[in-house]
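What follows is a set of notes on a single structure, which appears directly below.
What follows draws every value from the coordinates through simple rules; no lab data is involved. From a predicted model like this one, the values you see are computed outputs, not experimental measurements. Quick reminder, even Gly has a Cβ in these numbers, built from the backbone with ideal geometry, and neighbours come from all protein chains shown.
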Amino acid sequence: MEAVNPKMPSTIDAALLAKMNERGQIPGCIVEGPLAFDNAVDAAAAKMKGITSPVGGAADIFVVPNIEAGNIFGKMLTYYCKYRVAHVVMGTKVPILIPSRLMTVRPRCCAWRWAWQRCNR
């Protein structure tokens with residue numbers, strides 16, 4: 001989904017986050033959205049759909065609308081795509097890490113390091 005659809009609240013949220021980034025309210029990164037998964041990880045797909053953002057094909061962080069979607073998305077990335085992922089809930093006083101019981105040490109350490117950096121800004 002590359003366009004805001006009023007019937008899909010997550011697309012509105014994504015557009016608002018991108019606008020906040022544009023205004024400097026979310027500094028130190030590039031926020032783009034809404035952006036479908038294929039456009040976020042595959043530069044050719046982004047180009048085919050006319051997406052000219054530097055995020056197209058090069059996303060480092062994915063924001064999902066809720067914990068259920070995040071769980072499904074994270075497991076899909078881990079088991080199907082063989083990506084190393086960190087499951088982190090943001091928007092709380094401190095980041096909440098949600099490691100899988102099957103997660104190896106390396107992804108856990110990546111999640112802990114990322115959360116530590118967020119807490120010590």
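How large is the helix-only mean residue ellipticity at 222 nm for the chain, computed as the sum of -39500 (n - 2.57) over DSSP H runs with n ≥ 4, divided by its residue count, in deg cm²/dmol to the nearest 500? Mean residue ellipticity, 222 nm, calculated: -12000 deg cm²/dmol. The distance linking the stretch 61-118 with the stretch 18-58 is 20 Å (Cα centroid to Cα centroid, whole angstrom). Could you give the angle, 0 to 90 degrees to the nearest 10, between helix 105-119's Cα long axis and the longest principal axis of the Cα atoms of the chain? The two axes meet at around 70 degrees.
A simple spin-label model places the labels of Ala45 and Val63 2.0 nm from each other, with each point 7 Å out along Cα-to-Cβ. Angle of helix 9-22 to the longest C-alpha principal axis of the chain, folded into 0 to 90 degrees and rounded to 10: 90°.
Of the trypsin sites (Lys or Arg not before Pro) in the stretch 4-57, the ones in a loop by DSSP (not H, G, I, E or B) with at most 11 other beta carbons within 10 Å are Lys7, Arg23. Only the Cβ atoms of Lys and Arg (+1) and of Asp and Glu (-1) were treated as charged; on that basis the dipole of the stretch 1-82 about its Cα centre amounts to roughly 40 debye.
As an equivalent ellipsoid, the stretch 57-121 spans semi-axes of 18, 14, 12 angstrom, where each value is the square root of five times an eigenvalue of the C-alpha gyration tensor, largest first. For the chain, the Cα gyration tensor yields ellipsoid semi-axes of 24, 18, 14 Å (square root of five times each eigenvalue, largest first, whole Å). For the stretch 1-63, the convex hull spanned by the alpha carbon atoms encloses 77 Å³ per residue.
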